[in-house]
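The values are calculated or read from the model by the stated rules, or taken from the named source; none is laboratory data. A quick note: this is a predicted structure, and the numbers were derived from the prediction, not measured. Accessible surface areas use protein heavy atoms only, side chains included; no ligands, DNA or RNA. Shrake-Rupley method; radii C 1.70, N 1.55, O 1.52, S 1.80 Å.
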Amino acid sequence: MNINPLEEPERESANPDAFLPHENPLANPGKISGLGAQLGSQNFSIREAIGGPWGALEATLPTILVVVIYPFTQSLRLPVMLALAATLIFGAIRLLRRQSLRQVLAGLAGTLISVFWAWRSGQVENFFAFGFWINGVYSAILLLTILARRPAIGWLVAGAIGKLDSWRKADARKFYELSRLCTWLWIGLFTLRLAVELPLYYANLLVPLGAARLILGLPAFALIGYFNWVLLRGETSRLRAANNKSAS
């Protein structure tokens with residue numbers, strides 16, 4: 001089995017633009033996209049997990065524009081308007097590529113909230129404030145899935161391979177335990193973001209805050225995703241094979 005993290009998957013098709021699946025796996029088993037598709041595939045592709053070059057640019061460009069331009073202008077108008085314009089352009093590209101309208105609206109809504117927050121307060125650092133709430137909410141939701149004994153990563157991967165009916169059974173115990181560990185890794189990442197970025201935010205350190213947001217964004221996302229895949233790949237293959245055997 002080829003485990004080159006830069007190689008594209010051969011058998012799984014995905015629209016890798018979000019952390020959470022875009023389709024209901026209960027209605028469409030095996031058709032989860034985004035990170036779930038990569039974690040359930042036989043070859044993990046970092047390129048696909050972050051959405052390719054366009055996805056990476058879309059995720060980082062608004063932050064880069066704000067962090068680079070504001071120190072020169074000392075004005076909110078130009079950087080936040082450029083960040084908003086970039087988001088609108090990427091949204092238009094998604095629509096032209098016939099991607100999910102929900103993704104377009106979600107990306108636009110996040111940028112609009114960030115722009116409004118910064119503009120209303122008059123402090124450019126508040127452009128990043130909405131991200132703190134997002135990381136906190138994600139951490140809480142993932143923790144709830146663990147407490148409910150349905151760790152999110154296990155649900156995500158099982159949905160990607162169409163095995164939602166069997167991933168919590170006794171013979172898949174190891175898969176369940178590893179998926180819980182993987183879910184804790186994501187909670188750790190979201191918590192780390194808050195621990196690093198909040199002090200910079202309260203100290204009004206825009207450039208370090210922007211740098212931390214970028215470093216703990218896509219690079220950390222891809223790294224944790226790859227670690228998840230490494231931990232789960234063996235048990236994912238066993239889960240897929242065991243159920244295929246029982247079905248035949």
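Numerical summary
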item: Phi to ³J(HN,Hα) by Karplus 6.51 cos²θ - 1.76 cosθ + 1.60 over region 129-134, Hz, x for Gly, Pro; result: 5, 4, x, 5, 5, 4
item: Region 137-248, accessible surface, carbon-and-sulfur percent (1.4 angstrom probe); result: 66 percent
item: ³J(HN,Hα) computed for each position of region 224-238 - Karplus, 6.51 cos²θ - 1.76 cosθ + 1.60, integer Hz, glycine/proline x; result: 5, x, 5, 4, 4, 5, 4, 5, 9, 4, x, 5, 5, 5, 5
item: Accessible-area order (highest first, 1.4 angstrom probe) of the listed residues Arg233, Arg98; result: Arg98, Arg233
item: Surface accessible to a 1.4 Å probe, per residue, for the residues of region 49-155, Å²; result: 55 Å²
item: Relative contact order [Cα under 8 Å, 6+ residues apart], region 122-236, whole percent; result: 31 percent
item: From phi via Karplus (6.51, -1.76, 1.60), per-residue ³J(HN,Hα) for region 59-66 in Hz, x at Gly/Pro; result: 6, 10, 4, x, 5, 4, 4, 5
